[in-house]
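The values are calculated or read from the model by the stated rules, or taken from the named source; none is laboratory data. Predicted, not measured: the structure shown is a model, and the values here were computed from it. Here the Cβ positions follow ideal geometry from the backbone for every residue, glycine too, while neighbour counts run over all protein chains shown. Each accessible area value is taken on the protein alone, full model and side chains, heavy atoms only, with ligands, DNA and RNA left out. Shrake-Rupley method; radii C 1.70, N 1.55, O 1.52, S 1.80 Å.
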Amino acid sequence: LMPRNYLTNLELVILNTARYFGVNVEQRKEWNPTTEKPYRTVWYTNGDKRYVLATKGIAIKDRVTYHGFAFYVNKGEEHFDLINPCGFNKEEISPITMEEILGKKLDMKEVKNKVIENFVKIFGYNNYSQFKSKQLIEALS
């Protein structure tokens with residue numbers, strides 16, 4: 001799996017999970033005027049205001065991927081307002097949680113299970129037992 005495809009798949013995991021819970025999001029590439037580089041992620045749009053519903057990052061070293069993503073589910077922490085996705089100015093883009101969009105807190109266990117289910121499906125696993133790393137399942141369970 002090439003890095004670009006890998007990132008696309010991670011975005012699809014988030015996209016499909018958000019849509020399952022009723023959040024209308026899209027996968028788009030935007031130009032970041034602050035960093036002068038393209039930025040791809042899962043976006044939520046309300047009128048002419050764009051919000052980031054998740055951020056992700058990967059590194060590849062010696063043909064091994066190190067990856068992660070932050071999926072903004074519930075706004076329970078004060079530090080959430082300090083998030084600055086990929087160098088965008090607050091005037092350009094802001095993070096938003098599914099809780100803010102839907103007006104209710106989501107059950108984190110249910111969200112985590114749906115993330116795992118979508119990960120398994122999108123990355124082509126038949127079931128959880130095919131994972132080489134139990135860390136992902138343990139981290140999300």
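Summary of values
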{"quantity": "Hits in region 39-54 (condition: under 11 Å from the mean Cα position of the chain (by Cα) and modelled with pLDDT under 80)", "calculated": "40, 41"}
{"quantity": "Looking only at region 1-30, and only at residues there that are modelled with pLDDT of 90 or more and among the aromatic types (Phe, Trp, Tyr), the one that is surrounded by the most Cβ atoms within 10 Å (Cβ to Cβ)", "calculated": "21"}
{"quantity": "Qualifying positions in region 63-98 - modelled with pLDDT of 70 or more and open to solvent by less than 50 Å² (accessible area, probe 1.4 Å)", "calculated": "68, 70, 71, 72, 73, 74, 94, 95, 96, 97, 98"}
{"quantity": "Where a residue in region 2-26 is of a type in the set (Gly, Ala, Ser) and its partner, wherever it lies, is assigned to a helix (DSSP H, G or I), with Cβ under 8 Å and at least six apart", "calculated": "18/98; 22/102"}
{"quantity": "Total residues in region 53-62, condition open to solvent by less than 40 Å² (accessible area, probe 1.4 Å), more than 12 Å from residue 6 (Cβ to Cβ) and part of a strand (DSSP E or B)", "calculated": "2"}
{"quantity": "Selection count, region 99-141, where residues are modelled with pLDDT of 90 or more, outside any helix (DSSP H, G or I), open to solvent by 40 Å² or more (accessible area, probe 1.4 Å) and not small (Gly, Ala, Ser)", "calculated": "3"}
